[in-house]
Amino acid sequence: MRIETDEVRSHDSQLVPGEIVYDAFVLNARLRQSLVTVRSLGRRGLRVAALETLDGLPAPAFSSRWCQRKAVCQAYEGTKEHLASLEQVLEATGARVLIVSSDGTIEMIRRYRERLEQRVRVALAQEPALAIAVSKERTLEIARRLGVGVPRAVTVGAVSEVGAALHEIGLPAVVKPVESWTGDEQQGVRVASRLVTTPEEARRAIAELTRYGGKTLFQQFISGRRESLSFLYAHGQMYARFAQWVKRTDPPLGGTSVLRQSIAIPPDIGEQGERLVREIELEGYSEVEFRRDSDGHPYLMEINPRLNASIEVAVRAGIDFPYLLYQWVTGERMDVVEGYRPGVWMRHLGGDIATTMASVRQRGRTGVTPPVKAIGEFCASFFVPMGYDYVDWRDPLPMWAATIGYPRQLWRQAKERLS
């Protein structure tokens, strides 16, 4: 096992054992939300370090002027080697807080949380609530009991059960892993939802999503507007609430948001989402996702108990969730955030290019925007005032790191599709 580190601030070069050198240690440095976190905390004068696993993709957070130490773990995410590397860097940095944004890393932390919390405070909800939030099956069960709308779904664990699921749910449908990360201490993989429109696609999706074990939800397809809520909840009190709607995602159906806008909290899902978070007692940051059907009725999709890729739109609209999360886990006094600016647009340009290309490749597929319309909407978005992920003229280097790494990311995605 080998860890590559890079000191950016010379005054940190001599580390005293037991001394608190860094205020926060941000994992998953390749992710958009990790860069937002580094910038958020760094601007407030906090000392921030970051780590990434052996991934082959660029980690824009490393290039931030506020990233004072970076470390690359020569192991794959979620493995025992990853844990050993993390503990080694925590020992060296004396970090107070650990902030994580990846499903695979969260699963590793859940297994070894008691051991890690002897060194550092983990910015995640406690295990009982976390176990519910990472399981779509358990989340939907509680939502159903609370009267929150949920899509029709059946649990499928093998290809042999697809016929019964088709009879119950019909097509098109969405096949979702019950948990987004599956694997063990030696190897793991993040598995994403799939839209299926034919029985053959359904069998293939079930086979792929269950090959590492685990079960899937064979779920009713709801194609309407996607809206999500973000909360910072602690000690029985809601400290911040935020809502956004997602216009485009990568991939086109149900993927990561690439074009989104802050909106006023819709009364229906606002009440439902908050009730769900309070029922689960999901402290810290969480995102609750809904989709509306053709009649505008909302249906719960899932809960993410971690900072999500679209978090920068909330920060630019006036709610600094990464800093609130830091305050919560350190026990600092927190003020209730009463409002934010609706109408703020944010765009992930690389993801928007990818989803437009996918719309061309998947033309005619259920729910996918026709190519001419997709290209037109992509071009029209340049004329709408908005912010862009990675772009901050006070901190320009992450934008260049992301731009240079984009062709490598496209090449990797192309190889995955071919395989």
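Nothing in this text is a laboratory measurement; each read-out follows from the coordinates by a stated rule. Nothing here was measured: the structure is a model prediction, and the numbers come from that model. Note that each Cβ is placed from the backbone with ideal geometry, even for glycine, and that neighbours are counted across all protein chains shown.
What is the antiparallel percent of DSSP beta bridges lying wholly in segment 226-389, to the nearest 5?
Working: 33 of 35 bridges.
Antiparallel: roughly 95 percent of the beta bridges in segment 226-389.
Test of understanding: ordering Tyr212, Tyr233, Tyr239 by Cβ neighbours within 10 Å, fewest first, what list do you get?
Tyr212, Tyr239, Tyr233
Tell me which lysines have Cα within less than 22 Å of Lys136's Cα, excluding those fewer than 8 residues away on the same chain?
Correct list for Lys136: Lys176, Lys215.
With runs of 4+ DSSP H residues as the only contributors, calculate the mean residue ellipticity of the chain at 222 nm using -39,500 (n - 2.57) per run, divided by the residue total and rounded to the nearest 500.
-11000 deg cm²/dmol
Using 1/(1 + (r/R0)^6) with R0 = 41 angstrom and r between the beta carbons of Arg394 and Arg113, what's the FRET efficiency to the nearest 0.05?
Computed FRET efficiency for Arg394 and Arg113 comes out at 0.70.
How do Trp345, Trp400 rank when sorted from fewest to most other Cβ atoms within 10 Å of their own Cβ?
The most exposed by this proxy come first: Trp400, Trp345.
Just to verify a number: FRET efficiency for Glu332 and Glu208, C-beta to C-beta distance, R0 = 56 Å, to 0.05?
E(calc), rounded to 0.05, equals 0.80.
Quick one: putting +1 on the C-beta of Lys and Arg, -1 on the C-beta of Asp and Glu, what dipole do you get for the chain around its Cα centre, in Debye to the nearest 20?
Computed charge dipole of the chain: roughly 960 debye.
Testing the spin-label approximation: label points 7 Å from Cα along Cα→Cβ at His297 and Asp268. State their distance in nm.
Label-label distance for His297 and Asp268, simple model: 0.9 nm.
Taking the highest mean first, how do the peptides 38-47, 386-395 order by number of other beta carbon atoms within 10 angstrom per residue?
Highest to lowest by the protection proxy: 38-47, 386-395.
Which of Lys136, Lys215 has the fewest other C-beta atoms within 10 Å, and how do the rest follow up to the most?
Details: Lys136 24, Lys215 20.
Fewest-to-most ranking of Lys136, Lys215: Lys215, Lys136.
Going by average Cβ density within 10 Å per residue, which order do the peptides 25-37, 73-85 take, highest to lowest?
Per-residue mean Cβ counts within 10 Å order the peptides as 25-37, 73-85.
Report the net charge of residues surrounding Thr369, where surrounding means a beta-carbon distance below 11 angstrom and charges are Lys +1, Arg +1, Asp -1, Glu -1.
Details: positive: Lys247, Arg248, Arg363, Arg365, Lys373; negative: Glu377.
Here the count lands on +4.
How much of the DSSP beta bridge set in the chain is antiparallel, as a percent to the nearest 5?
The antiparallel fraction comes to roughly 75 percent.
Give, as a single signed number, the net charge of other residues whose beta carbon lies under 10 Å from the beta carbon of Arg306, with Lys and Arg counted +1 and Asp and Glu -1.
Net local charge, Arg306 excluded: -2.
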